[in-house]
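The values are calculated or read from the model by the stated rules, or taken from the named source; none is laboratory data. For clarity, every value in this text was computed on a predicted model and none was experimentally measured. Here the Cβ positions follow ideal geometry from the backbone for every residue, glycine too, while neighbour counts run over all protein chains shown. These area figures cover heavy atoms from the full protein model, side chains too; ligands, DNA and RNA do not enter into them. Shrake-Rupley method; radii C 1.70, N 1.55, O 1.52, S 1.80 Å.
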Amino acid sequence: MMSNSFVKMPASDEAKRFFVLGDRVERRLRISGAWLNIFDVTVPSGSRTPKHAHASPEVFRIIEGKLTIWRLSDSGPEEIEAGAGDIVTIPPFMVHGYSNRVPVVFSAVVDRDMAEFIEAQGTTEPPKASPSAETIARMTAAANSYGITILAA
């Protein structure tokens, strides 16, 4: 008999897929009525997220490649180079962002607001070019309605 807590991961072609500022984000798990959501994020070389903060914590587990995570802790700014197998936590309200020089794949555990932002603002088709200033402005404005504050684009 299988435990009720077992979740079969959908195949990559079955996952809900979104593109957010060039990153491919695939929903792997959503527990209805709860804050727990798991996404696999594939980030092309040279990508980055703007510095931002939100009320929910995040957890990143690096699967492939390296991700440089910048965060502003109580002791000042810090940069973390995370590689395959590393787990990085981002506490609530901590200003943070990431960048990478090589392609990277990581799992992100996020709350309901972040998941809804990704799914509402992401596109279903990959972008044909880097995000325009208009796209970044639209995403920044939309983020506010999901409790996400973009500090620098």
Handout entry: Listed peptides 36-49, 103-116, 135-148 by packing density, highest first (mean Cβ within 10 Å)
Key = 103-116, 36-49, 135-148
Fill in the blank from the handout: Taking a ≥ b ≥ c as the square roots of the eigenvalues of the Cα gyration tensor, with a/c under 1.5 meaning rounded and otherwise prolate when a/b exceeds b/c and oblate if not, the stretch 83-153 is oblate
Fill in the blank from the handout: So, relative contact order of the stretch 23-95 in percent, Cα under 8 Å, 6 or more apart, is 29 percent
Exercise for the section: Give the carbon-plus-sulfur fraction of the accessible surface of the chain in %, rounded to a whole number; probe 1.4 Å, heavy atoms of protein chains only. Expected result: 56 percent
Fill in the blank from the handout: Computed about the Cα centre, the charge dipole of the chain from +1 Lys/Arg and -1 Asp/Glu charges at the Cβ has a magnitude in debye, to the nearest 20, of 200 debye
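Helix-only mean residue ellipticity at 222 nm, the chain, DSSP H runs n ≥ 4 weighted -39,500 (n - 2.57), per residue, nearest 500. What is it? If you can, show how the numbers build up before the last one.
Numbers: 2 runs with 22 residues, N = 153.
So the helix-based figure for the chain works out to -4500 deg cm²/dmol.
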Exercise for the section: Let me know the Rg and Dmax you get for the stretch 27-153 when you use only its Cα atoms, in Å. Expected result: 14.1, 40
Completion exercise
Amide H neighbours of Ala84 at under 5 Å, excluding residues fewer than 5 places away on the same chain, with H built from the backbone geometry, are Gly65
Handout entry: Accessible surface, per residue, of the chain when the full set of protein chains is kept, probe 1.4 Å, Å²
Key = 57 Å²
Handout entry: Simple label model, 7 Å out from Cα along Cβ direction - Ala137 to Asp74, nm
Key = 4.0 nm
